[in-house]
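K.L.:
The structure is given below, and queries will be raised subsequently.
The values are calculated or read from the model by the stated rules, or taken from the named source; none is laboratory data. Quick caveat: nothing in here was measured; it's all calculated off a predicted structure. All Cβ positions, even for glycine, are placed from backbone atoms using ideal geometry, and neighbour counts span all protein chains on display.
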Amino acid sequence: MYICVCRAIRDRDVEAAVRAGARRPVDVFRAAGYSPQCGGCASDMRKRIDQTIATEQAAPQTLLAAD
Ligand code: FES
């Protein structure tokens, strides 16, 4: 799914950028090698960044629960 239509940045691109340390939309754009164009995706991108961070933080607990 595309998060940013202007730059063709997909949700998986956002997730990869977050795993590499991105915490703001501007960080995701930098990681993808672009700058924002219209900015219309900023809200959705922030949500995806937050969801990815939450998932990453929950993952170790999931692994511990499986033991
Ligand atoms: S939709 Fe992302 S910059 Fe336009």
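K.L.:
Go through segment 24-37 residue by residue and tally those that are free of Cβ contacts under 8 Å to residues at least 12 places away in the same chain and among the hydrophobic types (A, V, I, L, M, F, W, C). Walk me through it before giving the result.
P.N.:
First, pick out the residues of segment 24-37 that are free of Cβ contacts under 8 Å to residues at least 12 places away in the same chain: 26-27, 30, 33, 35.
Within this subset, residues satisfying the condition of being among the hydrophobic types (A, V, I, L, M, F, W, C) are 26.
Qualifying residue count for the region: 1.
K.L.:
Just the residues that are of a type in the set (V, I, T) and more than 15 Å from the ligand (Cβ to nearest atom), please, taken from segment 3-26. Spell out the reasoning first.
P.N.:
So in segment 3-26, the residues of a type in the set (V, I, T) come out as 3, 5, 9, 14, 18, 26.
The one that is of a type in the set (V, I, T) and more than 15 Å from the ligand (Cβ to nearest atom): V18.
K.L.:
Now for a separate question. Just to be sure before I move on: is I3 surrounded by 12 or more Cβ atoms within 10 Å (Cβ to Cβ) and in contact with a Cys (Cβ under 9 Å, 6 or more places away or on another chain) in the structure I sent?
P.N.:
Values: surrounded by 12 or more Cβ atoms within 10 Å (Cβ to Cβ): yes; in contact with a Cys (Cβ under 9 Å, 6 or more places away or on another chain): yes.
When the stated conditions are applied, I3 passes them.
K.L.:
Further question on the same structure: Among all residue pairs at least 6 apart or on different chains, which show Cβ distances below 9 Å where the first residue, located in segment 38-60, is within 16 Å of the ligand (Cβ to nearest atom) and the second is among the aromatic types (F, W, Y)?
P.N.:
Close Cβ pairs satisfying both conditions: C41/Y2; M45/F29.
K.L.:
Okay, next question. Please return the ranges of helices (runs of 4 or more DSSP H) entirely within the chain where 3 or more residues are at pLDDT below 95. Show your work before the answer.
P.N.:
Details: elements: 11-19, 25-32, 42-66.
Correct list: 42-66.
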